[in-house]
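Right, one structure below, let's go through it.
The values are calculated or read from the model by the stated rules, or taken from the named source; none is laboratory data. Model, not experiment: these values are computed from the prediction. We place every Cβ from the backbone using ideal geometry, glycine too, and count neighbours over all the protein chains shown. Ligands, DNA and RNA are excluded from the accessible area calculation, which covers all protein heavy atoms including side chains. Shrake-Rupley method; radii C 1.70, N 1.55, O 1.52, S 1.80 Å.
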Amino acid sequence: MRHNKLNTLILITLLVSFSLYSQTNRKLDLIIDKPTGEVPSTLYGIFFEDINFAADGGLYAELIKNRSFEFDQNLMGWNTFGNVQVRTEDPAFEQNPHYVRLKAPVHSFKSTGIENSGFFGIGLKKNTNYQFSVWARINQPDSLEKIRIELIDSENNPVQSAELIVNSEKWKKYSIIMRSTITESKSKLRIFLISKGMLDLDHVSLFPVDTYKGHENGLRKDLAQALAELKPGVFRFPGGCIVEGTELSDRYNWKNSIGPVENRPTNHNRWEYTFKNRYFPDYYQSYGLGFYEYFQLSEEIGAEPLPIINCGMVCQYINAKEDQLPVIKLDPFIQDALDLIEFANGDSTTHWGKIRTQMGHSKPFNMKFLGVGNEQWGEEYIARLEPFLKVLRKTHPEIQIIGSAGPDPDGKNFEFSWPQMKKNRIDLVDEHYYRNPEWFLTHAGRYDTYDRNGPKVFAGEYACHTASKKNDFESALCESAFLTGIERNADVVKMATYAPLFAHVEGWQWRPDLIWYDNLQLVKTPNYYVQQLFSNFKGTHILKITENAKQIIGQNGTYASAVYDKKTEIYIVKIVNTTTSIQNFNLEFKSNKGTHLRNIITYTLKSIGLDKCNSIENPNQIIPVIENINNNLPVLNIEPQSLMIYTFKL
Ligand code: AHR
């Protein structure tokens, strides 16, 4: 009797939970056999700009600031002691003419030397090799001079030292490997003259030996590796407003960023003084990370290179129309564009192709895209864009041209730009949106109605800005909701790049940013993981996923997209749940490929609080969790405030 009662109870419980289950589960229809378009390999990419100490002090692995003594205050970044002079006579490098002369002090108790504290300190790792190098010369024939190089810890103690003999009256490069015995983010480098005469020093450099792919003049390995792990399809460089400069003379001139690194002229960095509360008077561009290195990195991380060139315009936010280069003077700028194409794609018999070959890359970089102007707008932009187009279309019809829609995703400038882009048959229009969470959620359907016959879209700069302007989970969640809309419309949106990419925790001007770092460690933000998940699972074909025959764009706070990857035969469903309750879906589909799901894996990025961020102290608070699901039931349980990706085979 008791036994029977128990059975009845179990039956009732099962019936109740079944009816609850069928009541609460929503139904998702995945149309498997009819892709609605192809996903371009370029869809998710990287935007790089030297803002927030992203190049010098960041991705570029050089540890010495103002290594060529070319900042306006030539000794900025250096402490000097004893008898040190800045000179320019008979320099080692024509375009970086300043150097220092060290003379021995008269009294033997005193010393002469220089000390550099890097970018917010020099980051050294224990048992790691660093290559010190310096260009030097002596001034007396048949003499020799000696210097001692010291690595200094944060308490000012030398922890490692080495000596070098300088024996040539001609400028010559001297190098030595130093092995750090400490891990320290605030080290310094000191150089003493320890002989009795005098000598000249220039281009003082300290690099980790272990750079990304082992290149000399290379990149910080952990940061470059983080980029590679995004599997980006496109790499936009060098910006951003830095392309424009605050005046034409300090625009990014790609020709100054190639050739021997010592002779690339130091330039201002416009982010030095853009924000008064984030003022960094010692922010310059060494161009050590220049166009050759950008192309090389693109190749090594498998991304299409997408350079943006200056179109004869300076930053429109801070300059008047009259400050722009007159259209009749554009020719040298157009020539720069043509020369750039030759530098990237010309063979080694061409002038610029030869320079690339001499730099170590005889094979062309196979550049396919070129952005003309950064974030430009108005008639003055179109007046400059058109002459570029005229020449580029004629000489390089194979290059796809990107034009700007201005700084906003709507409004007067935007409305003006698009018809101009259509009229000029631009290939891709660069749209920018730094907007709040609400905007990202309410615009997830933005591209559903875009004209399929006009230019394609490059979402060239975007990020969700919450009130805190931090890389909090909320911003990442809203970006993921928006990205389902980009993915669904990958037939019209060919590229999307989050911006900005990098920020030094002590040197930022703009936030949020995708990757943060100090001198030793990096922090991948929740936004980084969103990018990585979308990019790593971008698939090759767009699939339709609907609820009640409608795309899922915010119904009950959920967003969805789906793709198929032809190479791996994997189906990928991405669902974003912005609500605080779990959302359960029954996945329904018909397919002649079968109905049995196998190899089901879920990737979940979920909230531990909308305002929570990853940090140097706690870098792994918010990371994707990967789970293998053995259960064959096509029920998707989307956790509260999460991005969940289901991958499976049939
Ligand atoms: O990404 C930061 C800045 O935002 C870019 O330099 C500029 O293009 C935009 O205004």
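Here are some notes:
- Among 418, 358, 450 - extreme Cα towards positive end, dipole of the chain, charges at beta-carbon: 450
- Restricting the calculation to Cα atoms, every distinct pair contributes to the Kirkwood radius of region 201-279, found to be 15.3 Å.
- Amide proton proximity set for residue 315, modelled H, under 5 Å, gap of 5+: 245
- Share of carbon and sulfur in the accessible heavy-atom surface of region 270-350 [1.4 Å probe, %]: 53
- Peptides ranked, highest mean first, by Cβ atoms within 10 Å: ranges 307-316, 372-381: 307-316, 372-381
- Computed over the chain: relative contact order in percent, which uses C-alpha pairs under 8 Å that are six or more apart: 16
- To put it simply, the accessible area of region 477-544 at a 1.4 Å probe is 49 percent carbon and sulfur.
- Projected-area mean, the chain, by convex hull of Cα positions, square nanometres: 35.1
- Interchain or long-range residues, amide H under 5 Å from residue 514's placed H: 501, 502
- Assuming charge only on the beta carbon of Lys and Arg (+1) and of Asp and Glu (-1), the dipole of the chain about its Cα centre is about 1680 debye to the nearest 20.
- Fraction of beta bridges assigned by DSSP in the chain that are antiparallel (%, nearest 5): 70
- Calculated FRET efficiency for the pair residue 155/residue 453, C-beta based, R₀ 51 Å, to 0.05: 0.15
- For region 447-544, GluC sites (Glu not before Pro) meeting the loop criterion (DSSP other than H, G, I, E, B) and having at most 13 other Cβ atoms within 10 Å: none.
- For region 83-129, the set of GluC sites (Glu not before Pro) satisfying both a DSSP loop assignment and a count of at most 15 other C-beta atoms within 10 Å is given as 89, 94.
- Cross-link pairs exceeding 19 Å in C-alpha to C-alpha distance, out of 544/566; 469/574; 65/231; 186/276, comprise 469/574; 65/231; 186/276.
- DSSP-loop chymotrypsin sites (Phe, Trp or Tyr not before Pro) across region 284-364, with at most 13 other Cβ within 10 angstrom: 317
- For residue 181, the residues whose amide H sits under 5 Å from its own are 127, ignoring neighbours fewer than 5 places away on the same chain, with H placed 1.01 Å from N.
- Accessible surface of region 96-139 [probe 1.4 Å, protein heavy atoms]: carbon and sulfur percent: 52
- Ranked packing of 192-198, 595-601, most packed first, by mean Cβ within 10 Å: 192-198, 595-601
- Average accessible surface for the chain: 41 Å² per residue, computed with a 1.4 Å probe over protein heavy atoms with every protein chain in place.
- Whole-Hz couplings from phi, Karplus 6.51/-1.76/1.60, listed for region 369-386; x for Gly and Pro: 10, 9, x, 9, x, 8, 9, 9, 7, x, 4, 5, 6, 4, 4, 8, 5, 4
- Where labels lie 7 Å past Cα in the beta-carbon direction, separation of residue 146 and residue 89 in nm: 2.8
- Considering only Cα atoms, the convex hull volume of region 258-368 works out to 141 Å³ per residue.
- Expected 222 nm ellipticity per residue - DSSP helices of 4 or more, -39500 (n - 2.57), all of the chain, to 500: -6500 deg cm²/dmol
- Helix 2-24 and the long axis of the chain differ in direction by around 60°, with both axes built from C-alpha atoms.
- Working note: Karplus 6.51/-1.76/1.60 with θ = phi - 60° gives region 40-47 the couplings x, 5, 8, 3, 9, x, 10, 10 Hz, where Gly and Pro are set to x.
- HN-Hα J in Hz across region 522-537 - Karplus 6.51, -1.76, 1.60, θ = phi - 60°, x for Gly and Pro: 10, 10, 8, 7, x, 5, 4, 5, 4, 4, 5, 5, 5, 6, 5, 10
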